[in-house]
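Just below is one structure, and these are the notes that go with it.
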Amino acid sequence: RETKNAQISMTAATQGMVLLENNNDVLPIAVDGNIALYCGGAVKTVKGGTGSGDVNQRYTVSVWEGLKNAGYNITSSDWLNSFEEAYDKGESEFEGGFWDTFSMPDPELTDEEVAAGQADGTDTAIYVISRNSGEGADRWDKKGDYLLNDGEVKALEFLGAHYEKTIVLLNIGG
């Protein structure tokens with residue numbers, strides 16, 4: 001039953017994806033090659049919601065893992081590893097209450113990090129924004145929820161100035 005339900009979930013997720021815009025025909029991307037991947041959502045991909053919207057699972061696959069499994073060379077792995085290490089440390093030290101969920105803002109991107117991500121002529125950056133909602137954590141029409149926060153806007157402008165193609169993925173749980 002678990003295997004069958006995992007396949008049903010995969011099919012529902014695939015059919016539930018929505019393309020909002022495809023400016024300058026950035027998509028589809030090549031079936032393999034180099035990709036620079038940024039934002040915490042690439043590492044800590046949301047897999048469910050809060051409260052009763054949470055999902056018990058045997059495993060999850062982050063956007064980062066999924067792209068690697070699909071054969072892409074992720075040129076920003078140093079940035080992703082650094083974020084994951086800082087996130088895991090912060091989460092282990094988090095002293096929130098029962099209803100509190102740990103979150104960590106994305107660090108500001110630097111010229112050096114982007115230069116490393118542009119290795120081997122990488123011209124495509126993917127920025128993965130995650131939002132979680134559910135029981136006790138409703139959606140709101142404000143920055144950092146339905147709207148991009150100032151850091152996300154700045155990061156996207158920065159990536160757009162440094163890469164020929166910039167793709168934004170929204171990973172929304174709830």
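The values are calculated or read from the model by the stated rules, or taken from the named source; none is laboratory data. Note that the structure is a prediction, hence the values are computed from the model and not measured. As a convention, Cβ positions derive from the backbone with ideal geometry for all residues, glycine included, and neighbour counts pool all protein chains shown. For the accessible areas, the whole protein counts, side chains as well, though only heavy atoms, and no ligand, DNA or RNA atoms are used. Shrake-Rupley method; radii C 1.70, N 1.55, O 1.52, S 1.80 Å.
Listing for the model above:
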{"quantity": "Expected 222 nm ellipticity per residue - DSSP helices of 4 or more, -39500 (n - 2.57), all of the chain, to 500", "calculated": "-10500 deg cm²/dmol"}
{"quantity": "Per residue, in Å², the accessible surface of the chain once ligands and nucleic acids are set aside, probe 1.4 Å", "calculated": "66 Å²"}
{"quantity": "On Cα atoms only, tilt of 2-15 relative to the major axis of the chain in degrees", "calculated": "50 degrees"}
{"quantity": "Binned Cα-Cα distances of segment 85-174, short to long, each 10 Å bin given as a whole percent", "calculated": "13, 39, 33, 13, 2"}
{"quantity": "Dipole of the chain, positive end: most advanced residue of SER82, ILE172, TYR127 [Cβ charges, Cα centre]", "calculated": "ILE172"}
{"quantity": "Expected-Rg normalisation [2.2 N^0.38 Å, Cα atoms] applied to the chain", "calculated": "1.06"}
{"quantity": "Accessible-area composition of the chain, carbon plus sulfur, in percent [1.4 Å probe]", "calculated": "50 percent"}
{"quantity": "Rel. contact order, % - alpha carbon contacts under 8 angstrom, at least six apart, segment 65-174", "calculated": "31 percent"}
{"quantity": "Rounded tilt (10° steps) of 77-93 against the dominant C-alpha axis of the chain", "calculated": "30 degrees"}
{"quantity": "Most positive-pole-ward Cα, ASN5, THR45, LEU156, against dipole of the chain from beta carbon charges", "calculated": "ASN5"}
{"quantity": "Set of lysines near LYS154 by C-alpha distance (under 23 Å), chain-local residues within fewer than 8 positions excluded", "calculated": "LYS44, LYS142, LYS143, LYS165"}
{"quantity": "Nearest-20 debye value, the chain charge dipole, Cβ charges on Lys, Arg, Asp, Glu", "calculated": "840 debye"}
